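Just so it is clear, none of the values below were taken in a lab; they were calculated from the coordinates. As the structure is a computational prediction, the values presented were derived from the model and not from experiment. For neighbour counting, all protein chains shown are included, and Cβ atoms are generated from backbone atoms with ideal geometry for every residue, glycine included.
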């Protein structure tokens with residue numbers, strides 16, 4: 001086939017290529033984020049089974065208030081009622097990640113926080 005006679009890429013082809021590049025870059029960003037965490041904190045099962053959630057957590061990593069709000073929504077069931085609970089391994093990873101994050105970004109003095117068991121810590 002003569003390369004000069006080839007049709008130029010369509011808008012759909014360009015969009016598909018752009019999305020593939022963005023997905024690859026985003027995946028690399030998530031892998032870098034996970035690899036930057038201590039080995040016992042890395043949410044490997046979460047990233048494999050729920051990549052969209054991993055993308056959000058990665059994007060919010062440097063925004064403590066937003067990260068904590070999102071994590072709270074994930075862990076306390078503010079999701080559509082027709083969804084199943086997280087698998088046990090994923091739930092454990094989320095709890096470990098949340099607890100690790102709390103060591104990096106302790107709650108403000110007087111703020112209510114929740115322990116891994118779900119009971120409020122004494123104030």
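Each peptide among 93-104, 35-46 gets the average number of other Cβ atoms lying within 10 Å of its residues, and from highest to lowest they stand as 93-104, 35-46.
Distance between the 7 Å Cα→Cβ label points at residue 41 and residue 73: 2.3 nm.
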